[in-house]
Amino acid sequence: MARPTVPMGRLHGFTLVELMVALMVMALLSLMSWRGLDAMGRAQAQTQARADAVLSLQSGLAQWGADLDAMDTDLSNPVSAASAVAVTASTLPSAMDWNGLSLRITRHSNGTLGPSLRVVAWTLGDNAGRKTWLRWQSPELRTRTALQQAWLQAAAWAQSPTAASRAAQVSVMPLDDWQLFYYRGDAWTNPGSSSDAAAATPDGVRLVLSLPDGGPLAGKLTRDWIRPTSVGAKT
């Protein structure tokens with residue numbers, strides 16, 4: 001039996017123009033998909049960077065508050081029975097000192113061998129060529145001599161850190177600038193003023209952080225701390 005014949009005009013496939021049009025459409029769809037994925041990736045990276053910055057800020061402020069809460073305001077007592085050093089109470093470090101560059105704090109610590117003291121310091125320093133809020137911490141201290149040495153080491157670290165002192169520091173977060181104010185006499189004042197310098201411990205400390213522009217977090221942030229034992233402490 002003879003096979004049916006098919007007209008020659010119905011046997012051809014796609015033309016070159018049709019194929020090129022199809023390839024262009026596929027390329028356009030691929031480009032649109034790539035841009036969508038790229039935008040999603042950048043948005044996710046920005047969200048993660050912001051979350052990391054918020055976590056660093058929260059951790060830093062929590063540690064800042066913990067250092068101030070644990071501040072030792074009575075350094076006239078011997079640190080331990082092993083501190084029988086010929087040193088008068090007037091030569092002991094202060095509970096807190098701001099020299100315009102760093103804030104040093106003498107605080108209580110529950111160490112591995114029981115209660116002790118530590119000296120901690122906060123400053124705005126350099127970390128890999130970038131301004132960074134830094135925290136330094138001494139080992140556990142149980143003698144007056146060790147306490148005095150740590151107090152001096154904290155000041156030296158903020159002024160000109162060495163490789164050894166950098167090993168005891170922690171980078172908190174990038175900063176453009178920071179300011180401190182003391183609360184005394186129902187007012188916030190400069191901690192370097194003569195009236196403030198004469199008093200041992202202020203009733204409050206105001207921290208003002210200037211966050212860098214262009215980063216995950218920007219602008220100014222203010223954090224107030226009020227001494228728990230302050231009479232009539234204000235919120």
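The figures follow:
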item: Matching option when the condition is surrounded by fewer than 16 Cβ atoms within 10 Å (Cβ to Cβ), over 26 Å from GLY215 (Cα atoms) and either within 23 Å of the chain's Cα centre (by Cα) or hydrophobic (A, V, I, L, M, F, W, C) (or both), among ALA163, ALA146; result: ALA163
item: Residue match in segment 218-233 (condition: at pLDDT below 90, surrounded by 15 or more Cβ atoms within 10 Å (Cβ to Cβ) and among the polar types (S, T, N, Q)); result: no
item: Residue tally, condition over 22 Å from ALA218 (Cα atoms) and at pLDDT 75 or above, over segment 31-57; result: 0
item: Number of the condition not met by GLY129 [criteria: (1) surrounded by fewer than 17 Cβ atoms within 10 Å (Cβ to Cβ); (2) in contact with a Gly (Cβ under 9 Å, 6 or more places away or on another chain); (3) not aliphatic (A, V, I, L, M)]; result: (2)
item: Residue count, segment 83-120 (criterion: surrounded by 12 or more Cβ atoms within 10 Å (Cβ to Cβ), under 11 Å from ARG142 (Cα atoms) and at pLDDT below 90); result: 5
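The values are calculated or read from the model by the stated rules, or taken from the named source; none is laboratory data. Worth saying up front: this structure is predicted, and the values here are computed from it rather than measured. Counting neighbours? That spans all protein chains shown, and the Cβs are built from the backbone with ideal geometry, glycine included.
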